[in-house]
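Novice: The structure follows.
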Amino acid sequence: MSHPEHAHADHGHAAHGDHHHEMSFSEKYLFPTDHKYIAKQYMLTGMIMAVAAGFFAYAFRMQLAFPGMSVPFFGVVSPTEYNSLVTQHGSIMVFWVAMPVLIAAFGNFLIPLMIGADDMVFPRLNRLSYQLFLLSAILVVVGWFVPGGGFGGAWTSYPPLSAKAEYSLTPAGSSIWLAAVAVEFAAFLLGGINFVVTAMNARAPGMKWHDVPIVVWFICIASILFMASVGPLIAGAIMLLFDQQLGTHFFDPVAGGDPILWQHLFWFFGHPEVYVVLLPAIGICAEIIPVFARKKLFGYRAILYTGIATGVLSFFVWAHHQFVAGIDPRMANVFTITTVLISIPIAEMVFLYIATLYGGSIKFSVPMLWALSFIFCFLIGGVTGIFLGASGADIYLHDTYFVVAHFHYTFYPIAIIGTFAGVTHWFPKLFGRYMDEKLGQIHFWGTVLSFNLIFIPLFFTGLAGDHRRIYNYNNFAELGTPDLQWLRILATVALVIMLIFQVLFVYNFINSIFKGKLAPTNPWKATTLEWTTPSAQPGHGNWTPETMPSVYRGPYEYSAPGRDDDFHPQNVP
Amino acid sequence: MLHLTQWLVVPASTFADDIDFVFGLIFWMVGFWYVLSNVAFFYLLFKYRAQPGKKALYVTGTEHDLLKWVEWPHYAIIVCDIVIIAAAVKVWYEVKQDLPPADAEVTVVAQQWAWSFVHPGADNKIGTSDDIKTVDELHLEVDKLVHWRLQARDVLHSFSVPAFRIKQDAIPGRDIMGWFEPNRVGTYDIQCAEICGIGHGIMGARVIVHTPEEYAAWVASSSQH
Ligand code: HEM
Ligand SMILES: [Cu+2]
Ligand SMILES: [Cu+2]
């Protein structure tokens, strides 16, 4: 691979000609083309949506712990509302929190900065992708308030329930939700193209493929997975929309359609989607752990290849969600094999992360705590997945709370822990100031301990037979026992505690933006290129022509022999 | 707590123990790796915490003497994977692919939001005039192998009997066949395990496993109506 042209060199158009020019308010915050501001837009939108989705979890968990109560700030949760709350919680967390924050916010912020480019190669496309995303977010919110209420057919939206208003009883909500999802997909298609093209073409002189930081690789792989898997589902979503609104019968068994077809389309996308959000989060950890362990990443290439292998394999496992859905039972054997085999690259990756700690000089700063807790929690998510991938055991476990607990042990580390890790680590670069370390530590312990107390009990209620999406377990003789009810109450109380701890984060975040201690250019003594730009860059463009970096080595040269200091930045000859 | 299978619903069918065995096998295997990884993780965190005057090592992850610590566990995991796959497929075959000869047949119909059942009656044949129809109550005879035919009227539902360790989605327009053999007298939950609208949370039924005498008496009393 020859050294690619410098991105900076071919930015001829107006927005780029004048570096660091003062931007107007609307140029900066409303309609920016600068990747850093677009990143912040995505981050803020994602965090606001997270508050909504977290509130929904609070409302439906309260109903489960104390059935029939009038939930403070919500009221009594009816069965219809319960279904909507669960559906909107799940789809928002995945599509409007994990995706925008992990891929779009961190991808936008980090890719140009880490590869030494002044911006994405298609800045206007970038702006359009955010605007489409915002439109989709507005649409999904509108869907809560239409007559009939928000869609409540689960985030998987299986027809015929989702296809006919007389079954779902949400004539408008279903279609608005589906349209919102489709627009969101389109937004991320545009974003994904931008990420991949930028990483391919705009790297600093000297930056070879194996000098690219893991998180950049992983966001690009994630974007490719997304683009390769979402096409069929966009088509499927439009077919479902036609079924809902025009009376077509693509998924209607009564008229010869096939509801299982939707499940294939959904999960052919839905399973890779899990890795689409996993890879950026685990990539963030790959950046943080070397910095705070002062250690080179153990096996850069092996980690990269396990990431690629996981991505490729993730296209061949989708039907593990459908073992008992009425597919040919012989197919289950194929998908059990592929599913259990995916543990091979993933386990390898986790081992390599743990091995990176060997011989380190580990400082337990807040970003490092988050990254380490990611490994700890994700490991639980990983091992419990084996139970579900094993077809024989899944007959019992499918659609129980064991599944809910399992995937929250993957999604929560990804969406919440990964986000906190990234935000606390790059905060000095995002806003030019430090976050408060003491508050950060308290917030970390409060969040991670209570998270575990939410979901460990739910493994047990799942084993005892609790099925998903049930608004009151006392309707079932085997489930309405006091023992199980105590576990449900424990999970809910832990959730309330966890939510209260988030006030600390919001305070710390906002306060530090304005009043935090000023941070130097490279506060963590890190090696990657983003730490060579001035903190809280004033305007469009990241480097001046004179300071534009060239790259001389890989991204994780910590504690190299023969140097006085313990890090050797990529751009230092 | 240590043995997770204690948490499962009391098993009441012939293949329930086989499914629980797979569960237990996976539990011990992944439990072993889980504990081992955590021991390594926390040991390294403690051993290599930052201490004044101590510099970190420079290793790249290509050193063979170090790499073996990652590689050997990794090979061992592949072996565990194969064992788990074999156990899972064996039970899957038994429960879902195989259809052993039946002593009786029942029809299970799911609809928003009730279960209805057709029992064969005194002639032990479905589709005859002495069939016994019930709603939200399935009657079975202990130690008799039953074929069930599963249908749905409107949307997807899922026929789940946790005590029997059976679960199967019901699809409108299709008949899905399966089997179980209850081996424990008692009354157990049937739950709908696939979201099916606002009544999903109340879509339960009961299965009553009778002794042969009780079952005969039930058939006799139900046929009179
Ligand atoms: C804030 C802490 C969270 C709590 C307490 C929580 C709790 C729950 C519970 C109890 C359910 C099952 C509800 C039911 O089936 O009746 C659920 C569903 C779900 N959650 Fe969460 N969750 C949290 C965060 C997240 C995050 C961060 C994600 C993903 C990024 C997520 C994604 C989902 C999805 C996809 C579903 C399935 C929705 C469906 O069945 O349609 N959750 N959540
Ligand atoms: Cu999956
Ligand atoms: Cu149901």
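The values are calculated or read from the model by the stated rules, or taken from the named source; none is laboratory data. Being a predicted model, the structure only gives us computed values, none of them experimental. Neighbour counts are summed over all protein chains in view; Cβ atoms, including those assigned to glycine, are modelled from backbone coordinates with ideal geometry. Quick note on the areas: whole protein, heavy atoms, side chains included, nothing else; ligands and nucleic acids left out. Shrake-Rupley method; radii C 1.70, N 1.55, O 1.52, S 1.80 Å.
Novice: Please list, or write none, the lysines whose alpha carbon is within less than 28 Å of the alpha carbon of residue A:295, excluding same-chain residues fewer than 8 places away.
Specialist: Those lysines meeting the cut-off are A:208, A:363, A:429, A:438, A:517, A:525, B:47, B:54, B:55, B:68.
Novice: Hey, another quick one. Given the range B:117-166 reduced to its alpha-carbon atoms as identical point scatterers, what log10 I(q)/I(0) does the Debye formula return at q = 0.13, 0.26 Å⁻¹?
Specialist: -0.37, -1.27
Novice: Something else now. Beyond 48 Å, what share of the Cα-Cα pairs of the protein assembly as shown remains, rounded to the nearest whole percent?
Specialist: Pairs farther apart than 48 Å: 21 percent.
Novice: Distances over 24 Å make up what percent of all Cα-Cα pairs in the range A:463-573?
Specialist: Cα-Cα pairs in the range A:463-573 separated by more than 24 Å: 60 percent.
Novice: Per-residue ellipticity at 222 nm for chain A, helices alone: DSSP H runs ≥ 4 residues times -39500 (n - 2.57), over residue total, nearest 500 deg cm²/dmol?
Specialist: -20000 deg cm²/dmol
Novice: On a C-alpha basis, how far is the centre of the range A:441-493 from the centre of the range A:236-253 in Å? Whole number, if you could?
Specialist: Result: 37 Å between the Cα centres.
Novice: Right, here's the next one. Would you rank B:71, B:181, A:166 by solvent-accessible area, highest first, keeping every protein chain in place and using a 1.4 Å probe?
Specialist: Output order, biggest surface exposure first: A:166, B:71, B:181.
Novice: Tell me the Kirkwood hydrodynamic radius of the range A:417-502 in angstroms, computed as one over the mean inverse distance between distinct C-alpha pairs.
Specialist: When all Cα pairs of the range A:417-502 are included, the Kirkwood radius is 15.1 Å.
Novice: Here is a further query. In Å and on Cα atoms, what radius of gyration and Dmax does the range B:71-225 show?
Specialist: Values for the range B:71-225 (Cα only, Rg and Dmax): 18.2, 71 Å.
Novice: Report, to one decimal in Å, the Kirkwood hydrodynamic radius for the range A:170-317 based on all distinct Cα pairs.
Specialist: With all distinct Cα pairs of the range A:170-317 included, I get 17.4 Å.
Novice: If you build a Gaussian network model of chain B, linking Cα atoms that sit under 10 Å apart, which residue out of B:210, B:74, B:139 swings the most?
Specialist: The residue with the greatest mean-square fluctuation here is B:74.
Novice: Here's something else I'd like to know. Which positions within the range B:17-38 get 40 Å² or more of their accessible surface covered by the other protein chains, compared to the chain by itself, with a 1.4 angstrom probe?
Specialist: Flagged in the range B:17-38: B:19, B:23, B:26, B:30, B:34, B:37.
Novice: What whole-number value in Å² describes the accessible area per residue of the range B:104-223 for a 1.4 Å probe?
Specialist: Spelled out: the 1.4 Å probe surface of the range B:104-223, per residue, equals 33 Å².
Novice: Go ahead and run the numbers for FRET between residue A:437 and residue B:86, Cβ-Cβ distance against an R0 of 56 Å, rounding to 0.05.
Specialist: E(calc), rounded to 0.05, equals 0.65.
Novice: Continuing with the same structure: In the full protein assembly as shown, how much of residue A:524 is accessible to a 1.4 Å probe, in Å² to the nearest 10?
Specialist: Looks like 40 Å² after rounding.
Novice: Now a separate question. Using a 1.4 angstrom probe and counting only protein chains, how large is the accessible area of residue A:114 in Å², to 10?
Specialist: 0
Novice: Would you work out the Kirkwood radius for the range A:290-379? I mean one over the mean of 1/r across all pairs of different Cα atoms, in Å.
Specialist: Result for the range A:290-379 stands at 15.1 Å.
Novice: Something else now. Using just the alpha carbons, could you tell me how many Å³ per residue the convex hull of the range B:42-93 encloses?
Specialist: Per residue, the Cα convex hull of the range B:42-93 comes to 108 Å³.
Novice: OK, next. Please compute the contact order of chain A in relative form: average sequence separation of alpha-carbon pairs under 8 Å and at least six residues apart, divided by the residue count, as a percent.
Specialist: 17
Novice: At the nearest 100 Å², what buried accessible area, both sides summed, do you get for A and B when the probe is 1.4 Å?
Specialist: 7700
Novice: At what distance in angstrom do the alpha carbon centres of the range A:362-376 and the range A:504-573 lie from each other?
Specialist: Using only Cα atoms to place each centre, the spacing works out to 19 Å.
Novice: Determine, at each q value in 0.22, 0.26 (inverse angstroms), the log₁₀ of I(q)/I(0) that the Debye formula gives when each Cα of the range B:8-97 is one equal point scatterer.
Specialist: After summing over all Cα pairs, the log10 values are -1.15, -1.30.
Novice: If you don't mind, another one. Past 26 Å, Cα to Cα: identify those pairs from A:28/A:296; B:96/B:144; A:36/A:296, in the order given.
Specialist: Long pairs (Cα-Cα over 26 Å): A:28/A:296; A:36/A:296.
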